[in-house]
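The values are calculated or read from the model by the stated rules, or taken from the named source; none is laboratory data. Model, not experiment: these values are computed from the prediction. Note that we place each Cβ from the backbone using ideal geometry, even for glycine, and neighbour counts take in every protein chain shown.
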Amino acid sequence: MATDAGDSADANPALAADASPAAHLIVVSNRLPVTLEQKGSEWSFKLSSGGLVSALSGLKREMSFTWVGWPGKDFGADDRDKIDRLLSENACSAVYLDDETAELYYNGFANSILWPLFHYHPGEMMFEETAWDAYQRANAAFAEALARVVKDGDLVWIQDYHLMLLPRMLRALLDASGRRGVKIGWFLHTPFPSSELYRILPVRRQILEGVLAADLLGFHTYDYARHFLSSCTRILGLATTGDAVETAAGGGGRVVRVGTFPIGIDPDKFRDALQTDEVRTRLGELERRFAGERVIVGVDRLDYIKGVPQKLLAFEQFLSTHSGGERVVLVQVAVPSRGDVEEYRQLITSVNELVGRINGRFGTIEYTPIHFLHRSVAFSELVALYAVADVCLVTSTRDGMNLVSYEYVASQAQRHGVLVLSEFAGAAQSLDGAVIVNSWNIEEVAGAVALALAMAPAQREASFRTLHRYVAKHTAAYWGTSFIAELTRVRHAADAAALL
Ligand code: ADP
Ligand code: G6P
């Protein structure tokens, strides 16, 4: 298994040794990480924050890069010219999709078929040919846009389940136009499910063949990579080793490398925010507000994979049998997400009902057990909430990694709070020092919350130190640099025809 390399993103020996100084990196994701705003006839550009943007901060020092993605909507011809200019000044390039294609590709195929299947929710999977057609059209539009900008020797790094046909489509266009030495990497930010589940997908072969045109495939955990390799063997009949697939049954194909690269965050952003007046003032206010109460924090996109109902039921169980008379509140931030998909709308209704029921059952005039914020909150508010909480509760029923758990650790240098973390989040495989739970076992989660709140300071500090060491080293920049170092290296192996 290819693993992440080097000791720090700033001085990654693998990258320094292998990457050509002239290498140009093209990052491709469904969404461009930008906010475009119109004031009068002028447009303004703002880069969003996020794991991928942080990952590039390490790479930007080593190589030039361009970001290619969908700008979020279809702009009219007049605006496109202005937007294209603005994007290109900021090293970005837009792939425009008409509204119908975008809707069917993003909501219809990516979020209603691949997302539920990859998170072990086949019941939510609604396979429709029109959505599959749109997924192919959208991936083809990305391939055409890329083929216009990719040059000989470039590195192309494609992100996530939205773009699984893109490696193959792009490779075909590059080969047809005689471009040479282009290396393609693809990284999956979600789990890859067991082959037993994956094989349900009607277009299972096309999707696997789509990504197998890349040179390097990356996953967050060893389990996800292993599931992918078994799917290649069982569905396509391909030979695999622990870290590679040969693309032709019976030999003679290309060798595609498969590696694990667990993503991280930019912990300095949280440390620095905690030093600002804005966050310190807010933290002080929250400490006064919650004086005499213990605080549990939950921060999730409101997605059925995050196990928010399970979390609420566990908190209810905790209040009825474990709280020991202590006043404990759950502050749950639930960021609205994918509201055009039916399952997400149903989830809002059931979560609202649970919150109402639990607050009605345990609340008093002086005490509200659950503070439920169904909206996005400002970064300073998020950091203050992480910092004030005695416990962070993550109960995902499946989750590729879960960066919220990392962010909580990065914000706990003072309090040494306890992370209670679902074993079904990728983060559970890295974060030694968390209290790991089966999020489906309501009683176990309730008991873990009680244990976390009662944990002695010395034990909390020891756990925090272990967690913090990992989060501080395995940053987003480290992840990005490690993947690109490996992509640069694997090309030599990929040229060889024999796998075993
Ligand atoms: P996912 O990628 O599935 O949403 P993660 O836990 O990996 O789950 O990442 C969520 C990201 O969204 C984190 O970086 C977190 O800080 C950010 N986030 C979560 N809630 C909010 C919020 N209310 N406002 C702004 N950002 C948020
Ligand atoms: C997950 C996916 C990302 C996606 C994010 C937010 O983390 O892996 O690719 O961007 O969720 O979802 P959204 O549908 O709002 O882009």
Problem set entry | Subset of region 138-171 (residues that are within 16 Å of ligand 1 (Cβ to nearest atom) and outside any helix (DSSP H, G or I)) | Q159, D160
Exercise. Right, E381: of a type outside the set (G, A, S) and either without any contact (Cβ under 8 Å) to a residue 12 or more places away in the chain or within 16 Å of ligand 2 (Cβ to nearest atom) (or both) or not?
Worked result: no
Problem set entry | Contacts under 8 angstrom Cβ, first residue in region 419-447 being within 27 Å of K473 (Cα to Cα), partner of a type in the set (K, R), 6 or more apart | F424/R398; A425/R398; G433/R465
For this session: Considering each residue of region 264-281, count those that are of a type outside the set (D, E) and more than 17 Å from A410 (Cβ to Cβ), and give that number.
Result: 1
Exercise. In the list A452, A413, A428, which residue meets the criterion of being in a helix (DSSP H, G or I) and out of contact with any Leu (no Cβ under 7 Å at 6 or more places or on another chain)?
Worked result: A452
Exercise. Does at least one position in region 382-389 carry a residue that is outside any helix (DSSP H, G or I) and surrounded by fewer than 24 Cβ atoms within 10 Å (Cβ to Cβ)?
Worked result: no
Exercise. Among all residue pairs at least 6 apart or on different chains, which show Cβ distances below 6 Å where the first residue, located in region 157-177, is over 24 Å from S64 (Cα atoms) and at pLDDT 95 or above and the second is of a type in the set (F, W, Y) and away from ligand 2 (no atom under 14 Å from the Cβ)?
Worked result: none
Exercise. Among (1) more than 23 Å from the chain's Cα centre (by Cα); (2) buried (at least 16 other Cβ atoms within 10 Å of the Cβ), where does E366 come up short?
Worked result: (2)
For this session: Considering only region 311-341, state which residues are of a type outside the set (D, E, K, R), within 24 Å of A291 (Cα to Cα) and exposed (fewer than 14 other Cβ atoms within 10 Å of the Cβ).
Result: S320, T321, G324, G325
Exercise. For L97, all conditions in the list (1) closer than 29 Å to D399 by Cα; (2) in a helix (DSSP H, G or I) hold save one; what is the number of the exception?
Worked result: (2)
Problem set entry | Within region 293-323, tally of residues that are assigned to a strand (DSSP E or B), of a type outside the set (A, V, I, L, M, F, W, C) and more than 14 Å from ligand 1 (Cβ to nearest atom) | 1
Exercise. Quick check, is T397 farther than 30 Å from A249 by Cβ, within 18 Å of the chain's Cα centre (by Cα) and modelled with pLDDT of 95 or more?
Worked result: yes
Problem set entry | In region 391-401, the residues that are buried (at least 23 other Cβ atoms within 10 Å of the Cβ), more than 17 Å from E461 (Cβ to Cβ) and either more than 7 Å from ligand 1 (Cβ to nearest atom) or not hydrophobic (A, V, I, L, M, F, W, C) (or both) | L393, V394, T395, S396, D399, G400
Exercise. Does region 403-423 contain at least one residue that is buried (at least 21 other Cβ atoms within 10 Å of the Cβ), more than 24 Å from A462 (Cβ to Cβ) and at pLDDT 95 or above?
Worked result: no
Seminar exercise, completed: In the set E366, E326, E353, the lone residue that is in a helix (DSSP H, G or I), more than 16 Å from ligand 1 (Cβ to nearest atom), among the acidic types (D, E) and out of contact with any His (no Cβ under 9 Å at 6 or more places or on another chain) is E353
Problem set entry | The one condition in (1) within 15 Å of ligand 1 (Cβ to nearest atom); (2) not in a helix (DSSP H, G or I) that E407 fails to fulfil | (2)
Exercise. Within the bounds of region 169-189, is there any residue that is of a type in the set (F, W, Y), surrounded by 18 or more Cβ atoms within 10 Å (Cβ to Cβ) and more than 16 Å from ligand 2 (Cβ to nearest atom)?
Worked result: no
Problem set entry | Count of residues meeting criterion [in a loop (DSSP other than H, G, I, E, B) and either more than 16 Å from ligand 1 (Cβ to nearest atom) or crowded, with 19+ Cβ neighbours inside 10 Å (or both)] in region 31-68 | 6
For this session: Would you confirm whether any residue within region 299-313 is under 16 Å from A448 (Cβ atoms), free of Cβ contacts under 8 Å to residues at least 60 places away in the same chain and more than 16 Å from ligand 2 (Cβ to nearest atom)?
Result: yes
